Amino acid sequence: MGEVFVTALRSVSLKVRQGEFIAIVGPSGSGKSTLLNLLGTLDTPSEGRIFIDGVDTSRLGEDDLAALRNTKIGFIFQSYNLINRTSVMKNVAIPAVVQGLSKEVREKRATELLKMVGLGDKINRRPTALSGGEQQRVAVARALVNEPTFMLADEPTGNLDSKTGRSIVELLQRMNRNLGTTTIVVTHNLELANVTDRVIHLKDGVVSQDLPTTRTASKQKTQ
């Protein structure tokens, strides 16, 4: 920024295992959003490397990165980012259009996912006819339509009241458990963080703690 050099992240090293559900927490300015953008290949690290399914993303060009995002990564945004002029089902199907799936396949996937998130009776409505919690459920379904390797969520409960936020927490937990999709969320919501497998604490651009949760201990006891 002009002559000011800002280091958003420093010496961050972590590994995410397939099927894990991870929360990234920390105060404002700690580097959470930067880390999420890097993991989603929306930003490029000035140093270091990021591997997704064994692929070194630093070696990919823009077209290959776009293809990787479309096939491997599902995004859930705090502001939903839905297209209000079209139906809920078409919103969910958009990533599948980019992937080149046939209309029949993408509409079938979108319909099945909307049923899974409890919106099977509202597939033909427009987003403006839904509540905030329902719009976030649409965003979850859209993130999963291309059957991604992992899902990234940026403050998925940030714009919701506590009751609706809990329903989204339960939905993310259920999707992770039933579909096995690796899920990484940036959140200030401790209720959400506590149902994940690990909580990564960022402070001043470094990982200050990387701790398993009580859910991890419970899963290990049942295995």
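Quick note: the coordinates plus some simple rules give every number you see, no bench work behind them. These numbers were taken from a predicted model, which means no experiment stands behind them. Every residue, glycine among them, receives a Cβ derived from its backbone with ideal geometry; neighbour counts consider all protein chains shown.
Brief remarks follow.
- The stretch 48-65 - phi-based ³J(HN,Hα) in whole Hz, Karplus 6.51/-1.76/1.60, Gly and Pro as x: x, 9, 10, 10, 10, 6, x, 9, 7, 5, 5, 9, 9, x, 4, 5, 5, 5
- Couplings 3J(HN,Hα) for the stretch 120-126, derived from phi with the Karplus relation 6.51 cos²θ - 1.76 cosθ + 1.60 (θ = phi - 60°), are x, 8, 10, 5, 9, 7, 8 Hz, where x marks Gly and Pro.
- Backbone HN-Hα couplings from phi across the stretch 17-22 [Karplus 6.51/-1.76/1.60, Hz, Gly and Pro as x]: 7, 4, x, 6, 10, 10
- For a straight C-alpha distance cut-off of 23 angstrom, the lysines reachable from Lys163 (same-chain residues fewer than eight places away being disregarded) are Lys115, Lys122.
- Prolate is the label for the stretch 1-42, because a/c, from the alpha-carbon gyration tensor with a ≥ b ≥ c as root eigenvalues, is 1.5 or above and a/b exceeds b/c.
- In straight-distance terms, cross-link reach from Lys15 covers every one of the lysines whose alpha-carbon lies under 20 Å from its own, apart from those fewer than eight places away in the same chain; here that gives Lys32, Lys72, Lys203, Lys219.
- A cut-off of 5 Å between modelled amide H atoms, ignoring neighbours fewer than 5 places along the same chain, links Phe75 with Leu152.
- Relative contact order, whole percent, for the stretch 1-154 stands at 27, derived from Cα pairs under 8 Å and 6 or more residues apart.
- If the segment from Asn159 to Glu104 were pulled out straight at 0.36 nm per residue, it would be longer than the present Cα-Cα gap by 16.5 nm.
- Point-to-point label distance, Asn178-Thr149, nm (Cα→Cβ direction, 7 Å offset): 2.5
- For Ile52, the residues 5 or more places off, or on other chains, whose built amide H falls under 5 Å of its own are Thr57.
- Cα gyration tensor category, rounded, prolate or oblate, for the chain with a/c compared to 1.5: prolate
- Helix 132-144 and the longest principal axis of the Cα set of the chain meet at an angle near 80°.
- Dipole of the chain, positive direction: furthest Cα of Asn146, Leu114, Pro127, with charges on the beta-carbon: Leu114
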